[in-house]
1. Could you list Val139, Val64, Val508, Val214 in order of exposure, starting from the residue whose Cβ has the fewest other Cβ atoms within 10 Å?
2. Please state the charge dipole magnitude for the stretch 351-465, taken about the Cα centre, from unit charges on C-beta atoms (+1 on K and R, -1 on D and E), reported in debye and rounded to the nearest 20.
3. Provide the gained length on full extension for the span Ala552 to Arg7, in nm with one decimal, where the gain is 0.36 nm per separating residue minus the Cα-Cα distance.
4. Along the Cα→Cβ direction, 7 angstrom out, place labels at Val139 and Asp352. What is the inter-label distance in nm?
5. Just to confirm the filter: which GluC sites (Glu not before Pro) across the stretch 54-153 are DSSP coil and have at most 10 other Cβ within 10 angstrom of their Cβ?
6. Need the list of lysines near Lys344 for cross-linking: C-alpha distance under 25 angstrom, and skip anything on the same chain fewer than eight residues off.
7. In degrees from 0 to 90, rounded to the nearest 10, what is the angle of the helix 107-116 Cα long axis to the longest principal axis of the chain?
8. Please state, as a whole number in µm²/s, the translational diffusion coefficient that the Stokes-Einstein equation yields for the chain at 25 °C and 0.890 mPa s, with Rh defined as the Kirkwood radius across alpha carbon pairs.
Amino acid sequence: MLDDPTRKYQPFRPIRLRDRRWPDHTITRPPVWMSTDLRDGNQALFEPMDVERKRALYDCLVDVGFREIEVGFPSASQADYDFVRHLIDSDAIPEGVWIEVLTQARPDLIKRTFEAVAGAPRVIVHVYNATSPVFREVVFRQSAEGVQTMAVEAARQIRGLAAERPETAWRFQYSPETFSTTEPEFALSVVDAVTAVWDASADAPVIINLPATVEMASPNVYADQIEWMHRHLARREGIVLSVHPHNDRGTGVAAAELALMAGADRVEGCLFGNGERTGNVDLVTLALNLYTQGVHPGLDFSRINDVLRTVEHCTEIPVHPRHPYVGDLVFTAFSGSHQDAIRKGFAVQPEDGLWSVPYLTIDPRDLGRSYESVIRVNSQSGKGGMAYLMEQAYGVTLPRRLQVEFSRVVQAHMDAGGGEVAAEALWEIFEREYLRLESPIHYIGHSLFDAGGRQGLRLRIRRDGQVITLNGSGNGPIDALLDALGSPVRVRHYEEHSLSHGSDAGAVCFMELAAGGIDGDVYGVGMDANIVTASVRAVLSGVNRMASQAPAVLGNAASVARNASP
Ligand SMILES: CC(=O)SCCNC(=O)CCNC(=O)[C@H](O)C(C)(C)COP(=O)(O)OP(=O)(O)OC[C@H]1O[C@@H](n2cnc3c(N)ncnc32)[C@H](O)[C@@H]1OP(=O)(O)O
Ligand SMILES: CC(C)C(=O)C(=O)O
Ligand SMILES: [Mg+2]
């Protein structure tokens, strides 16, 4: 039993914002995206990425369309320093892409950071210091004024060093680390002081990044904090307002979305939510959430599996199979009613129309994923999913009542410990139950002949090892077949269609049969290049399936001895 939490934890104190406006806003354009996979993501790995992995991830980020990429903390380690040099020296920063480097607000580290980026075409220098009371008192052991001075002096130093290097296009970024646990008035004071030093203006904007370094409250509280800053910043028009949510409470994505509604222009995060502890906000989910609302995110995840493979290779951390948009299972429905609705949805979904397939927020094809893996069948599945797989994989469209019958067959297989049934296994069960069922009657062949104006049919079968021939006539081949068999079965319904793929056979025939002594109707299925042969096989398949329950359906074939002929 968990102990009483009130003795150890207290609720987060929200800020006072009575006339909040963000709840009425919607997101109609994408934010500026900044990937910190190579910095915040990298610092959270068991084994930080080496140059080869960092470069693979960097190339992937550029391909996806990121134009601001935090490539490291070059003053913190030689590896980060070397990687930044590698990008610059190998001319790997394409037109339009800004590399970003992080530094603490410490003179020696700032100096080293500028050395690392010497000669780069475009650089965002990102400086930070924590501003919350516990950091001021415990980590820095400084007054609020002292902590503000730390930021202001760093801003001055950065401005001076940049001015000395006009060959690089510079942009500046400041983060009051632990912003969300800092008194808003103090965070505002520090940020205003920094933007004054940098002379932030609409013509020369700076980036102010307000991190939820540790996510401590529900996302609406963060949105209030962002809106409050947005409304109070002295140089708002000269600021790109950025957010950097972490995901400690599992609401990083929600926090980022509400923050955008509250006035933020830019989001920092990582692909698939990598990052410290529970991760940085997941930029892929954010981007695709926008996409499903009809807002193009400006990032390209049309080959999302390639991105996934790169990220997993580089971070050596697997992405969860249920991760939004990319997990192995997110375009998979196991339960019957979901499968049924998805199948019906696909059937009526117009190629160029608005997307409206139930249970799927996005067309898997938009992400380079396929329909084939949409539906899987296990003990939670119903007829819809099976029918869908049979149709997709083998081109066989089961009549509705056969779907019901066959789903019971599959269910029995699973109850016997079958687990998930893939399309091939499903087909195997179908073949065994309907197509390859050659006992008691084994079909050898048949021929048609004219029986005095009626349809004659000669049937050759094997029964208990003996070949027998049976003759009959009727209105058509099926009637003649039943006559030859002398079987009391009645054909209740008959359906056939040609096969487009998945089999050499040209047609499939479904025969719904009834007979005395049998509860309900029973299906037989036949497949053959010849349509009549397919229907003969379908009748025999149904008769064989009924035979154990009602041996009379075998008719003349019931006793080999009585009917055997050469
Ligand atoms: C929320 C985040 O993700 S922030 C980014 C975190 N990432 C990293 O820290 C990257 C890896 N870091 C490192 O390799 C090291 O911390 C370095 C190289 C940056 C600095 O190393 P050191 O000089 O040995 O300092 P150390 O790591 O012990 O940091 C503690 C000191 O930094 C100070 N400090 C911490 N953050 C800041 C800051 N943002 N600005 C100024 N000083 C800071 C502390 O007050 C402390 O100072 P003190 O030694 O006078 O008490
Ligand atoms: C350096 C800052 C932006 C950070 O990573 C954080 O506060 O989480
Ligand atoms: Mg962070």
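Each reported figure results from applying straightforward, stated rules to the coordinates on display, with no laboratory input. A quick note: this is a predicted structure, and the numbers were derived from the prediction, not measured. Backbone-built Cβ (ideal geometry, glycine too); neighbour counts: all protein chains shown.
1. Ranking Val139, Val64, Val508, Val214 by Cβ neighbours within 10 Å, fewest first, gives Val139, Val214, Val64, Val508.
2. With only Lys, Arg, Asp and Glu charged at Cβ, the dipole is about 660 debye.
3. 188.3 nm is the gain from fully extending Ala552 to Arg7.
4. Between Val139 and Asp352, the simple spin-label model gives 5.5 nm.
5. Glu95
6. Lys383
7. 50 degrees
8. Here the translational diffusion coefficient equals 86 µm²/s.
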